[in-house]
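Data block below; observations after.
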Amino acid sequence: QVQLVESGGGLVQAGDSLRLSCAASGRTFGGYVMGWFRQAPGKEREFVAAIFWTGGNTFYADSVKGRFTISRDNAKNTVYLQMNSLKAEDTGLYYCASGRDSNVTNPRGYRYWGLGTQVTVSS
């Protein structure tokens, strides 16, 4: 059974950094894309970043380009999201997801989801 477990969230001040982790298990993920999404209260879930497990191509939402970095550790089956220069608008529940759809920004293209980790940025 596929499991995605996020960790690393917390309460920080604007300008601080956090690193989120997503530990994946239950299958091999070659050919899959791993994505990070976030959802703020009262808002729709939005794409943050994605990385192809094979090849390592990365994609970012315009709102996080230059501040966030997605990476993976094949040996640990773990995907990371390094978040720097955090802003209040980055607050939300951050989800890790996995799928095979090439449209990496669409949450409907992801089959597996974690339960999320909360990130709160105070201004």
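The values are calculated or read from the model by the stated rules, or taken from the named source; none is laboratory data. From a predicted model like this one, the values you see are computed outputs, not experimental measurements. FYI the Cβ positions are ideal-geometry reconstructions off the backbone, even for glycines, and counts take in every protein chain you see. When the accessible area is computed, the model is the full protein with side chains, heavy atoms only, and any ligands, DNA or RNA have been set aside. Shrake-Rupley method; radii C 1.70, N 1.55, O 1.52, S 1.80 Å.
A few comments on the model shown:
- Compactness ratio for the range 12-123: Cα radius of gyration over 2.2 N^0.38 Å (N = residue count) comes to 1.00.
- Distance in nm between pseudo-label sites at T58 and N74 (7 Å out along the Cβ direction from Cα): 1.7
- Percent carbon-and-sulfur accessible area, the range 1-109, ignoring ligands, DNA and RNA, probe 1.4 Å: 43
- Size of the range 41-82 as Cα extents on the principal axes (Å, biggest first): 37, 20, 16
- Label-to-label distance, nm, for residues given as E89 and Q13 (7 Å Cα→Cβ offset): 2.2
- Within a straight-line Cα-Cα reach of under 30 Å, K43 can be paired with the following lysines, leaving aside sequence neighbours fewer than 8 residues apart in one chain: K65, K87.
- Theoretical gain in end-to-end length, Q1 to R100 [0.36 nm per residue, Cα-Cα removed]: 34.0 nm
- For a paramagnetic label modelled on R108 (point 7 Å from Cα along Cα→Cβ), amide N atoms under 17 Å away belong, within the range 39-78, to 44-47.
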